[in-house]
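Heads up, the thing below is written out as structure tokens.
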Amino acid sequence: AMTEPVTSSVATSDEWFVSGGTRCAARVHRPAGRHGASPAVVMAHGFGAVRALRLYAYAERFAAAGYVVVVFDSRGFGDSEGEPRQVLDIAMQHDDWRAALRFARSLEDVDPDGVVAWGTSFAGGHVLTMASQGEPLAAVVAQVPHVSGPAAVRATGVRAALRLAVPALRDLVAARRGRPPVLVDSVARPGGTGMMTTPDAYPGMMTLFRESELGEDVYPRTVAARIALRIGLYSPGRRAAQIPCPVLVQIVTRDAITPRKVAERAAARIPRSTVRVHDGGHFDPYVAPLFDAVVAEQLEFLTVHVPPHPKDPA
């Protein structure tokens, strides 16, 4: 089976939108030869990760199926502008998401009533938050989503969390004094200092770089340490019952970052949820062998709830 689609039916263009006065990079994948307005899928990566880490593989599949796809990086990360770099601020990322959704709706070949938010891991939490706050979405895809702050902290482990306390406090002080951020690794090996130090985290991230054919020094794998003090307070699953649109929640059995039980409980409270559980770990959906099954399921869900047929221009 071919893992990568033939891309001749998909045209891509590198564009940008403004969020909080800062330019965010947006790569738009379009189905070739389409006339009229198509539904759109807006995508971003998880905690401290960037779109170049395998998100284009999904985007090409969606565009080949008839969707316009916008893949963006948050301010201060990846190919987007914004200083200081690598500062993960939850409210700021929510604003970036709102700006990305506005940008997608503004594209002339997009049906503004057919916009889907696709988020993975931490951004899975963001898209659930957007949907629960009344953002007009046709559907949501939440892949291995972050739903509970306390559960994420418990999954991290007390020792790993304590190792982050000192850099996090130093980073807060630096921010108050207008100094550069104190950075920590997004992923580290078990026993190291990093935001994710479960046994699967470091190899999982390295696999994403390798499978994306990126050198591991192309994008920094760091975040400003202050976010360690905020994760425990961020629980997008709390408002799950308020989400009006159809939601696909994809969960993996051995998720050491966003635990399965907690995700299942949150998904059960979403009125129009489709829940799928796959055998694997947190970093497995992006790459073979799980990628094909996960993306096929996403397309099946989208085809039912937001069919890819273009609306004729009025």
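Tabulated data for the structure shown
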read-out: Single match in VAL68, VAL116 (criterion: out of contact with any Lys or Arg (no Cβ under 7 Å at 6 or more places or on another chain), at pLDDT 95 or above and crowded, with 21+ Cβ neighbours inside 10 Å); value: VAL116
read-out: Tally of residues being under 24 Å from VAL306 (Cα atoms) and surrounded by fewer than 18 Cβ atoms within 10 Å (Cβ to Cβ) across segment 232-248; value: 4
read-out: Scan of segment 70-120 for residues that are in a loop (DSSP other than H, G, I, E, B), over 30 Å from ALA175 (Cβ atoms) and either out of contact with any strand residue (DSSP E or B) (no Cβ under 7 Å at 6 or more places or on another chain) or polar (S, T, N, Q) (or both), ordered by number; value: GLU108
read-out: Segment 130-147, subset surrounded by fewer than 24 Cβ atoms within 10 Å (Cβ to Cβ) and not hydrophobic (A, V, I, L, M, F, W, C), residue nearest to LYS311 (Cα to Cα); value: PRO136
read-out: Residue check for ARG30: assigned to a loop (DSSP other than H, G, I, E, B), at negative phi and not β-branched (Val, Ile, Thr); value: no
read-out: Contacts under 6 angstrom Cβ, first residue in segment 81-107 being modelled with pLDDT of 95 or more, partner among the polar types (S, T, N, Q) and assigned to a loop (DSSP other than H, G, I, E, B), 6 or more apart; value: GLN93/SER74; ASP96/SER74
read-out: Cross-chain or 6+ apart pairs with Cβ under 9 Å, segment 10-30 first and in contact (Cβ under 8 Å) with a residue 12 or more places away in the chain and closer than 14 Å to ASP95 by Cβ, then among the β-branched types (Val, Ile, Thr) and assigned to a strand (DSSP E or B); value: PHE17/VAL70; CYS24/VAL18
read-out: Count of segment 279-298 residues which are surrounded by fewer than 17 Cβ atoms within 10 Å (Cβ to Cβ) and under 19 Å from the mean Cα position of the chain (by Cα); value: 4
read-out: Checking ALA40 against (1) in contact with an Asp or Glu (Cβ under 6 Å, 6 or more places away or on another chain); (2) not in a loop (DSSP other than H, G, I, E, B), the condition it does not meet; value: (1)
read-out: Pairs, first under 19 Å from PRO84 (Cβ atoms) in segment 217-236, second of a type in the set (Lys, Arg) and part of a loop (DSSP other than H, G, I, E, B), C-beta under 6 Å, six or more apart; value: none
read-out: Total residues in segment 125-163, condition touching a Ser or Thr at 6+ places or on another chain (Cβ under 6 Å) and more than 16 Å from ARG260 (Cβ to Cβ); value: 3
read-out: Segment 92-112, subset buried (at least 16 other Cβ atoms within 10 Å of the Cβ) and more than 15 Å from GLU135 (Cβ to Cβ), residue nearest to the chain's Cα centre (by Cα); value: MET92
read-out: Residue selected from segment 277-314 under the condition touching a residue at least 60 places away in the same chain (Cβ under 8 Å) and among the β-branched types (Val, Ile, Thr), by the criterion farthest from THR253 (Cα to Cα); value: VAL306
read-out: Looking only at segment 185-230, and only at residues there that are among the β-branched types (Val, Ile, Thr) and in contact with a Leu (Cβ under 8 Å, 6 or more places away or on another chain), the one that is modelled with the lowest pLDDT; value: THR193
read-out: In segment 160-219, the residues that are in contact with a helix residue (DSSP H, G or I) (Cβ under 6 Å, 6 or more places away or on another chain) and assigned to a strand (DSSP E or B); value: VAL184, VAL187
read-out: Given (1) in contact (Cβ under 8 Å) with a residue 60 or more places away in the chain; (2) small (Gly, Ala, Ser); (3) farther than 23 Å from TYR286 by Cα; (4) assigned to a loop (DSSP other than H, G, I, E, B), number of the condition GLY46 does not satisfy; value: (3)
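Results for (1) among the hydrophobic types (A, V, I, L, M, F, W, C); (2) buried (at least 16 other Cβ atoms within 10 Å of the Cβ); (3) under 19 Å from PRO145 (Cα atoms), shown as yes or no for each residue.
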residue: ASP171; (1), (2), (3): no, yes, no
residue: ARG179; (1), (2), (3): no, no, no
residue: VAL182; (1), (2), (3): yes, yes, no
residue: ALA188; (1), (2), (3): yes, yes, no
residue: THR197; (1), (2), (3): no, yes, yes
residue: ASP200; (1), (2), (3): no, yes, yes
residue: LEU208; (1), (2), (3): yes, yes, yes
residue: VAL218; (1), (2), (3): yes, no, no
residue: ALA224; (1), (2), (3): yes, yes, no
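The values are calculated or read from the model by the stated rules, or taken from the named source; none is laboratory data. Everything quoted here is computed from the prediction, not taken from an experiment. Positions of Cβ are generated from backbone atoms using ideal geometry, with glycine treated the same way; all protein chains shown enter the neighbour counts.
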